[in-house]
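What follows is a set of notes on a single structure, which appears directly below.
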Amino acid sequence: MNNVIIYLLNEVKQSGIRLAVWKNRNKIEESLTGGFNIDVLVQEKDKPRLELILSQFGFFEADSKQKSFPGITHYFRLTAGELLHIHLYYRLVTGESSLKEYDLPLVDYVLEQTCDDEKFGINVVNDQAAVYLFILRHYLKSGSLVGRRSYKKKILEEKEDCGVNDDMLMSAKFASDPLGIVPLIKKEEIVGGGIPSLASSLRIKWYLRSYQRRSSLYFVFKRNLPVILHKLGIGQSIKKKKKLLRPTGAVIAITGSEATGKSTMVAKVINNLAAQFEVVYAHVGKPPIYFTTFLGALMRIVKGLKQNNNSISNEKNCSDPEKPHKNLNDTRLITRVMNIAKSLEVALSRLILTNRLTNKASRGSLVITDRWPSMNSGKMDGARINPTDGLIERLASCCEMWIYNKMPAADLAIILSVPLDVALERNAQRDKVGKETSDQVMARHSNNRHTLPKAKRIERYSNEGSLDTSFIDIIEMINEQLAKSSKDSKIK
C-alpha cells in the first residue's frame, strides 16, 4: 500500500502525461504513507486521462465546499492507517492561502523545469523552478496586512514546502523569467526568516494584477470578512466544513444478523473517516417514528380493553352470553389494526429516512448506516404484514410492499456474518440493556440467513476474525465503492 502513489505516478508518466511534484518535493516519503499530501501539477488537457488512471488505482475525488478553487482538486485513497492524499493542480493557482488570488500561466514552464527524484524516480521541479516559485509565493502571500500576519508565522515552513534554503536563494541564477519579476526582487528580502516589505509585495502584486482570478475589491472583501466576523464575536461559531465527495457521495450500509459485529464496525469506520469527510450516520433498522402520539393512544385503548375483557365476562349475566364474545372479537380486531398501523408506520419512517440519507449522499456526504431495508418479507428490515392473515392484512400488505418498493437502494451493502457459536459467545459478552437471549439469537440467525438488503452492490463478509483485520477489509470495500461511484458519475 505504501507504494501505490509511486505506481500511480509511474503509470501516469508511462501514459505520456507530463507531471511534476511542484511543492513539498522534499516530503515525498511522508506522502507515500499518508503523513502528508503530495502536490502534483499536470496540464488541464490531460485531466480526463488522469482521472481514469486515478480511479483504476482506487482514488476518489473530494473537496471542501468552503475552500475550493478552480483548477485544484483533491484525490484520496482510504487505508486502514493513514489517508493517502493527492493534491492535484491543473492550473497554477496561488497567493494567500485562503484566497489564492492569482492564476499564473506557469504550467508549461514548471513541467519543463523538472528532474527525477533521486530516491523514488518521480518527476519533481528542479532547483531553479523551486526557487522561482518560492519567490513568487513569498511576495504574493505578504501583500496585505491580514496575509502578512498569517504568512510571517509560516515563512520557514514555506521554504521547507518549496524545498529551498538560503544558499539556493542567494546563488540563484535564472535562465528564464516567464513573468518578468526577477528585476523587482531584492535578495535581502527572500533570505532568513523575514518577509518582504509591504511596498515590495504590493509592487509585485500590482505588476501581476492581470493574472488575478477576480477583481481586487472581491478579494479585499473575502480577506477581511473573517476578521469582521471575529470582531463581532460570531467567527468562532462558524463550523469548519469537512470535505464532500465529488461529484456525488455514497450510501454504505453495514448489515447482518444478530451479534455479527455491525454496530462495532460502523462505529470504527465512522471514527476513522469523520475527521476528514462529511460523514452522516443513521440506524435504519430503528428509524425514528413520526406518529407516536396516535399509535400510543390506540395502544393504551387496546391494553385497557384486554384488561377489562375478563372482568366483563365474569360480571355480565349469563343470559347475555354473546356480549363477552363480541367484546373479545372487537379487541382482536383492534389488535390486528394496531399491528398493521405499526408496520405501516415503520415502513413510512424507513421511506422518509432512506430518502433523506440518499439526498445527503447526492450532495456529497458519505452516509454510513447500521442496516438497510430489505425486500424479503418477514425478514430483518423487510415488510412485516402477513397477507394470509385476512382481508385487512392482504390490503395493508399491498400498501406496505408499495412503500418498500419506493425505498432507494444503498450504493453498497456489506453483509457481515459469523458462525452461530461465535454469535452466541459475542452476545453473552455484550454489555447491553435488554440484550437478546440465546434462543432469540438462534432464531434470528436462522430466519435472516438469506436476507438481502436493497442495494446496487452487495458484498458478503465473514466477520469472525479480529476487529483490526476485518476493519482493513471493510475499508478496502468502501474505498473501492467510492472510487467506482466517482468514476461512474463523471462518465455520466
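Between 0 and 90 degrees, rounded to the nearest ten: what's the tilt of helix 467-491 against the longest Cα principal axis of the chain?
Value to nearest ten degrees: 70.
Apply the Karplus curve 6.51 cos²θ - 1.76 cosθ + 1.60, θ = phi - 60°, to the phi angles in the range 421-431 and return the couplings in whole Hz, x for Gly and Pro.
Calculated HN-Hα couplings, in order: 5, 5, 4, 5, 5, 5, 5, 5, 8, 6, 9 Hz.
Considering only DSSP beta bridges with both partners in the chain, what is the antiparallel share in %, to the nearest 5?
45 percent
Could you please report the charge total around Ser215, scoring K, R as +1 and D, E as -1 over all other residues with beta-carbon less than 13 angstrom from its beta-carbon?
Local charge sum for Ser215: +4.
For the range 53-61, take each phi angle, set θ = phi - 60°, evaluate the Karplus expression 6.51 cos²θ - 1.76 cosθ + 1.60, and give the result in whole Hz per residue in order, putting x for glycine and proline.
5, 4, 5, 5, 9, x, 8, 10, 8
Kindly provide the helix-only [θ] at 222 nm of the chain, computed as the sum of -39,500 (n - 2.57) over DSSP H runs of four or more divided by all residues, to the nearest 500 deg cm²/dmol?
Counting only the DSSP helices, I get -15000 deg cm²/dmol.
Just rank Thr114, Thr437, fewest to most, by other beta-carbon atoms within 10 angstrom.
Lowest to highest Cβ neighbour count: Thr437, Thr114.
If you take the square roots of the eigenvalues of the alpha-carbon gyration tensor of the range 8-56 and sort them as a ≥ b ≥ c, do you get rounded (a/c under 1.5), prolate (a/b over b/c) or oblate?
Judged from the Cα gyration tensor, the range 8-56 comes out prolate (a/c at least 1.5, a/b above b/c).
Take every Cα pair under 8 Å in the chain that's 6+ residues apart, average their separations, divide by the length, and report that relative contact order as a whole percent.
Reported relative contact order: 16 percent.
Using modelled backbone amide H atoms (1.01 Å from N, in-plane), which distant-in-sequence or interchain residues come within less than 5 Å of Lys23's amide H?
So Lys23 has HN proximity to Asp39.
Residue by residue through the range 100-111, which ³J(HN,Hα) values in whole Hz follow from phi under the Karplus form 6.51 cos²θ - 1.76 cosθ + 1.60 (θ = phi - 60°), with glycine and proline marked x?
6, 6, 10, 10, 8, x, 10, 4, 5, 4, 5, 5
Over the Cα atoms of the chain, how large are the radius of gyration and the largest Cα-Cα distance (Dmax), in Å?
Rg and Dmax of the chain, Cα atoms, are 31.3, 117 Å.
So which GluC sites (Glu not before Pro) in the range 106-157 pass both tests, a DSSP loop state and at most 15 other Cβ atoms within 10 Å of the Cβ?
Those that pass, being in a loop and sparsely packed, are Glu118.
Among Phe221, Phe120, which comes first, then next, by fewest other beta-carbon atoms within 10 Å?
Phe221, Phe120
Can you list the residues, at least 5 places off or on another chain, whose amide H is less than 5 Å from the amide H of Ser64, using H built in the peptide plane?
Correct list: Leu244.
Coordinate-derived values only; no laboratory data. From a predicted model like this one, the values you see are computed outputs, not experimental measurements. Cβ coordinates were reconstructed from backbone atoms using ideal geometry, including for glycine residues, and neighbour counts include every protein chain displayed.
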